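Before any comments, here is the structure.
The values are calculated or read from the model by the stated rules, or taken from the named source; none is laboratory data. What you see is a predicted model, and the numbers here were worked out from it, not measured in a lab. In this analysis, Cβ positions are derived from the backbone assuming ideal geometry, glycine residues included, and neighbour counts consider all displayed protein chains.
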Amino acid sequence: MIDTRIKRVGFADAKLLAAFNRLKSGRFEDKALALEIDAAINRLKENPFTGIKIERRLWPVEYIRRYNIDNLRKYDLKGGWRLLYTVSGTQVEIVSILLEWLNHKNYERRFGYKSG
């Protein structure tokens, strides 16, 4: 069965959108990351469930408190970066809501895999 719902991607808040826009006009590395995020956004518009589902027991409490999520997904970007998002939907549309992007070190820290 083909899912005919409208698929969109949004940012969790204006601060995250502003950070993304700064990446686009930043240094070479920042621009490269912005291109990766843009590519991920396009993939999510095609298939919001393309990322890896993260088990509830691993969810950072901050995400639950701040965004009131009921699902969490990870999309792997080049260079060890991760894009974290949640999916919300109705019978008409599905929205992938970007929460954060993290490098490998900060991802491990956020999810409690390493201390320090």
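Would it be correct to say that residue 57 is charged (D, E, K, R) and surrounded by 17 or more Cβ atoms within 10 Å (Cβ to Cβ)?
no
Could you say whether any residue in the stretch 99-112 is among the aromatic types (Phe, Trp, Tyr) and outside any helix (DSSP H, G or I)?
Checking the stretch 99-112: at least one residue is among the aromatic types (Phe, Trp, Tyr) and outside any helix (DSSP H, G or I).
If I ask for residues that are within 23 Å of residue 109 (Cα to Cα) and in contact with a helix residue (DSSP H, G or I) (Cβ under 9 Å, 6 or more places away or on another chain), which ones from the stretch 39-55 would you list?
51, the sole residue that qualifies.
Kindly provide the set of residues from the stretch 22-34 that are under 15 Å from the mean Cα position of the chain (by Cα) and exposed (fewer than 14 other Cβ atoms within 10 Å of the Cβ), ordered by number.
none
Pick from 107, 113, 63, 75: which is of a type in the set (Phe, Trp, Tyr), within 15 Å of residue 12 (Cα to Cα) and either surrounded by 13 or more Cβ atoms within 10 Å (Cβ to Cβ) or at pLDDT below 95 (or both)?
Matching residue, one of 107, 113, 63, 75: 63.
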